1. Here's a check for you: in the stretch 39-55, which residue that is loosely packed, with under 13 Cβ neighbours inside 10 Å and either within 23 Å of the chain's Cα centre (by Cα) or farther than 13 Å from ARG88 by Cβ (or both) is modelled with the lowest pLDDT?
2. Considering only the stretch 79-95, state which residues are of a type outside the set (Lys, Arg) and under 25 Å from the mean Cα position of the chain (by Cα).
3. Is it the case that SER63 is over 27 Å from PRO94 (Cβ atoms) and among the polar types (S, T, N, Q)?
Amino acid sequence: MSFKNASFFSYTSAIQSHLNRHQKILRIILSASPYQLRPHIKDCVINDNGRLLIYVSSAAWASQLRFLSTQLKDAVNSKSNERIQQIRIRVLSPEPFKAEVEETKIIPSMENIDLIRSSAEGFSGSKLENALLSLSDTLKKHS
């Protein structure tokens, strides 16, 4: 089986047309929205039944955008060939969990751990002595 360029498939022009339509609607929505709302409008989906679904980053911004739904519907209808009858606002779920990069722990050498322990002797009976001894014990466990 050989590699086939995307243009080989007959449905690519339909997909490209759909993407262009989608991007045009999103640009219209963004231009009709107040400046402070624009970064929170993440995406939109339009279906053939005249329903426009707008995705935002949080519930607070969704509430703000709901007040503008008539204004957005009028803007999309007047600046495109679409006939939007209903706008729905949805909040995108948070980004998927991303595994944290494990931090590389730098543990002092045994020589330095022993130096910390011996430094504690100069502070006998004080909180600092206890802290230095506890630190040296912890570092020994992890080395």
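1. Residue satisfying both the conditions and the ranking: ASP48.
2. ILE87, ILE89, VAL91, LEU92, SER93, PRO94, GLU95
3. It is false that SER63 is over 27 Å from PRO94 (Cβ atoms) and among the polar types (S, T, N, Q).
Per-residue answers, yes or no, for (1) within 28 Å of the chain's Cα centre (by Cα); (2) at pLDDT below 90:
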{"site": "THR12", "(1), (2)": "no, yes"}
{"site": "GLN64", "(1), (2)": "yes, no"}
{"site": "LEU68", "(1), (2)": "yes, no"}
{"site": "ASP74", "(1), (2)": "no, no"}
{"site": "ASN77", "(1), (2)": "no, no"}
{"site": "ILE106", "(1), (2)": "no, yes"}
{"site": "MET110", "(1), (2)": "no, no"}
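The values are calculated or read from the model by the stated rules, or taken from the named source; none is laboratory data. Note that the coordinates shown come from a computational prediction; the quantities given were computed from them, not determined experimentally. FYI the Cβ positions are ideal-geometry reconstructions off the backbone, even for glycines, and counts take in every protein chain you see.
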